[in-house]
1. Residue-wise, which Karplus ³J(HN,Hα) couplings in Hz belong to segment 86-100, taking 6.51 cos²θ - 1.76 cosθ + 1.60, θ = phi - 60°, and x for glycine or proline?
2. Under 5 Å between amide hydrogens, which residues at least 5 positions from residue 8 or on another chain qualify, with H placed 1.01 Å from N in the peptide plane?
3. Collect residues whose amide H, placed 1.01 Å from N in the peptide plane, falls under 5 Å from the amide H of residue 29; neighbours closer than 5 in sequence don't count.
4. Could you work out which residue, out of 120, 85, 94, moves most in a Gaussian network model of the chain, that is, has the largest mean-square fluctuation with Cα springs under 10 Å?
5. Mind checking which of 81, 116, 149 is farthest towards the positive end of the chain's charge dipole, using Cβ charges of +1 (Lys, Arg) and -1 (Asp, Glu) about the Cα centre?
6. Expressed as a whole number of Å, what is the distance separating the alpha-carbon centroids of segment 3-78 and segment 143-170?
7. What does the extension gain come out to for residue 45 and residue 161, with contour length at 0.36 nm per residue minus their alpha carbon separation?
8. In nm, to one decimal, how far is the residue 64 label point from the residue 128 one, both placed 7 Å along Cα→Cβ?
Amino acid sequence: MKLLCITGMPCAGKTTTIKFLSSKFSVVSMGDAIRKEMKEKNMDRDMREYSTEFRKKDKGYAAKICMPEIEKIKNAEICIVDGIRNYEEVEEFRKFYDVVLIAIYASPKKRYERFTKRKRPDDNLTYKGFINRDIAELIWGLGNVIALSDLIISNEDGNVKKFKENLISEISKIEKL
């Protein structure tokens, strides 16, 4: 099985990417796996704090807890993994799967525009809060993952149709990777 591991900074377009690709492929969400584990352990705390804590002990841990979900997908040639945050997670997946790392890119200005519009409960809508969130993601190792991606797909102009067409074009190159 080939894993298409999706990464990118907050509000770059990962959710749009995942929603679009989920009509063609099975998707495993690392965030969902973490939330599931927290629920099973009856943890009532902030997911970011918990994620930071376990990544200090084992940077590949989030990938490890996703493995059972990936194993449930039978006979698929491709599975999408959403939520890669550090290169150790990629290395963990590469022990068992053929991995293609795909980064979705948008500039900080464009991402902040999207950030202020989406209004998720955990979003701090100040620019400082946005930057602090970026820094936290970069501390986890997200910058390394983006820099080492096999494909970087731009989602800058805001035209969803054009982005999806570009996504299809870029994903079609995967057979050559």
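Each reported figure results from applying straightforward, stated rules to the coordinates on display, with no laboratory input. Please read these numbers as outputs of a predicted model, since none were measured by experiment. Virtual Cβ from ideal backbone geometry, glycine too; neighbours counted across all protein chains shown.
1. Rounded to whole hertz, the list is 8, 6, 5, 5, 4, 4, 4, 5, 5, 5, 10, 9, 7, 10, 10.
2. 104
3. So residue 29 has HN proximity to 82.
4. Result for the chain, Cα springs under 10 Å: 120 fluctuates most.
5. 116
6. 19 Å
7. Contour length minus the Cα-Cα distance gives 38.0 nm.
8. 3.8 nm
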